[in-house]
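Student: I have a structure I would like to understand better, so I am pasting it below and will then ask my questions one at a time.
The values are calculated or read from the model by the stated rules, or taken from the named source; none is laboratory data. Since the model is a prediction, treat every value here as computed from it, not as a measurement. Please note: Cβ atoms are built from the backbone with ideal geometry, for glycine as well, and neighbour counts cover all protein chains shown.
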Amino acid sequence: MGLDIDGRFLAAAQAGSGRLERVVSAELPEGTVHDGEVVHADGLSRALRSFFKHNDLPRNVRLGIANQQIVVRQIELPQIDNEAERTAAVRFQAAEAIAMPLDDAVLDHQIVSREPDADGNARMQIVIVAARRGMVERLVEAAKGAGLKPVSVDLDAFALVRALARHDATNQEAHVFCHLGGVTNLAIAIGDLCLFTRPLSAAWDGEGAASVIADEIRLSLDYYMTQPGARAVSDVVLSGPGSNDLAFVDELSGHIGLDVSVAEPLGRFRDTEVPGGELPQRFTVAVGLAMGETA
């Protein structure tokens with residue numbers, strides 16, 4: 001069960017046997033979660049308990065996070081086949097690449113490519129993820145307080161890319177995915193590999209938001225293009241409740257200077273029936289969480 005605690009609502013997606021079986025959502029009391037972080041753990045536990053009981057949902061859940069307490073960086077290392085040695089090398093490099101005390105962080109990494117350097121020596125491109133331990137623990141404890149059993153904690157950005165990734169082997173361009181929900185979350189990916197992510201500061205429905213978000217997307221692209229192995233970015237794909245606001249989408253398109261499109265909210269599960277009264281755009285991240293394991 002993928003569970004997206006958006007901040008404005010709860011969204012759950014149940015997947016199994018290669019298909020999406022069910023989606024359901026509910027409003028979340030204002031102030032329970034702010035900017036992607038749990039503010040009132042007891043209130044969130046109560047809301048989750050009621051949501052899961054009312055909808056008779058399974059208790060094993062995959063949680064997602066998106067906030068300013070997360071850092072994603074790319075590093076390059078020589079080829080290291082021994083997993084323990086590789087983990088130690090990643091941690092050593094992370095201490096320099098990430099402005100966060102690693103003792104206070106949950107750290108993970110993913111090898112995204114293996115390529116020789118100019119001298120023919122094998123090198124690895126690695127994405128490092130660091131999240132503040134206290135932030136993750138508050139979320140997990142709130143879920144446990146509702147009687148849920150968290151089986152993984154993933155980045156919302158990774159789930160977003162997983163749900164919407166384009167699997168055209170001949171196209172190695174990068175795509176920007178911008179999720180317009182309780183947090184405006186940006187991810188840059190090639191295929192289903194998320195290489196960069198950051199939450200943007202502006203809410204999509206704030207005054208002058210289209211211009212501000214366009215500026216933040218451009219700044220993010222400028223930073224991404226300085227990273228090792230960066231590829232040209234072809235377009236921007238919008239998702240989340242804000243992508244249902246066509247006036248906002250049109251205004252944002254006019255500011256960015258790249259092709260802008262609106263994603264199929266359920267990705268490859270587009271034929272799944274969404275209950276009447278539900279907004280399909282609420283479920284993109286929950287679907288991605290339900291589809292996979294932590295990165």
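Student: Just one of GLY64, GLY36 is of a type outside the set (S, T, N, Q), in contact with a Gly (Cβ under 7 Å, 6 or more places away or on another chain), in the same structural domain as GLY145 (by TED's automatic domain parsing) and crowded, with 21+ Cβ neighbours inside 10 Å; which is it?
Tutor: GLY36
Student: Can you tell which of GLU264, GLU216, GLU293 is within 21 Å of ALA12 (Cβ to Cβ), surrounded by fewer than 21 Cβ atoms within 10 Å (Cβ to Cβ), out of contact with any Pro (no Cβ under 8 Å at 6 or more places or on another chain) and modelled with pLDDT of 95 or more?
Tutor: GLU264
Student: Tell me whether segment 268-276 contains one or more residues that are farther than 21 Å from ARG166 by Cα and without any contact (Cβ under 8 Å) to a residue 40 or more places away in the chain.
Tutor: Yes: segment 268-276 contains one or more residues that are farther than 21 Å from ARG166 by Cα and without any contact (Cβ under 8 Å) to a residue 40 or more places away in the chain.
Student: Next up: Taking into account only those residues within segment 22-48 that are touching a residue at least 40 places away in the same chain (Cβ under 8 Å) and assigned to a strand (DSSP E or B), which is nearest to the chain's Cα centre (by Cα)?
Tutor: Here the answer is GLU37.
Student: Looking at segment 195-213, is at least one residue basic (Lys, Arg) and closer than 18 Å to ALA66 by Cα?
Tutor: Yes, some residue in segment 195-213 is basic (Lys, Arg) and closer than 18 Å to ALA66 by Cα.
Student: Same structure again: Just wondering, is there one or more residues in segment 107-116 that are at pLDDT below 95 and among the basic types (Lys, Arg)?
Tutor: Yes.
Student: Given (1) at pLDDT 95 or above; (2) within 18 Å of PHE196 (Cβ to Cβ); (3) surrounded by fewer than 16 Cβ atoms within 10 Å (Cβ to Cβ), where does LEU279 come up short, assuming only one miss?
Tutor: Looking at each condition in turn, LEU279 falls short on (2).
Student: Does LEU107 meet the test of being part of a strand (DSSP E or B), under 19 Å from ALA130 (Cβ atoms), in contact with a strand residue (DSSP E or B) (Cβ under 9 Å, 6 or more places away or on another chain) and not assigned by TED's automatic domain parsing to the domain that holds LEU186?
Tutor: It is true that LEU107 is part of a strand (DSSP E or B), under 19 Å from ALA130 (Cβ atoms), in contact with a strand residue (DSSP E or B) (Cβ under 9 Å, 6 or more places away or on another chain) and not assigned by TED's automatic domain parsing to the domain that holds LEU186.
Student: Considering only segment 255-267, state which residues are of a type in the set (A, V, I, L, M, F, W, C) and without any contact (Cβ under 8 Å) to a residue 60 or more places away in the chain.
Tutor: Answer for segment 255-267, where residues must be of a type in the set (A, V, I, L, M, F, W, C) and without any contact (Cβ under 8 Å) to a residue 60 or more places away in the chain: ILE256, VAL260, VAL262.
Student: So in segment 83-103, with the set limited to residues that are part of a helix (DSSP H, G or I) and touching a strand residue (DSSP E or B) at 6+ places or on another chain (Cβ under 6 Å), which one is surrounded by the fewest Cβ atoms within 10 Å (Cβ to Cβ)?
Tutor: By that ranking, first place goes to ALA97.
Student: Let me ask another. Go through segment 23-33 and give me each residue that's surrounded by 14 or more Cβ atoms within 10 Å (Cβ to Cβ) and either within 16 Å of ALA286 (Cβ to Cβ) or basic (Lys, Arg) (or both).
Tutor: Hits for segment 23-33 are VAL23, VAL24, SER25, ALA26, LEU28, VAL33.
Student: Filter segment 152-171 down to residues that are out of contact with any Lys or Arg (no Cβ under 6 Å at 6 or more places or on another chain), surrounded by fewer than 22 Cβ atoms within 10 Å (Cβ to Cβ) and not charged (D, E, K, R) and give me whichever is farthest from ASP103 (Cα to Cα).
Tutor: Here the answer is THR170.
Student: So, in segment 140-189, of the ones that are of a type in the set (S, T, N, Q) and closer than 21 Å to PHE248 by Cα, which residue ends up nearest to the chain's Cα centre (by Cα)?
Tutor: ASN185
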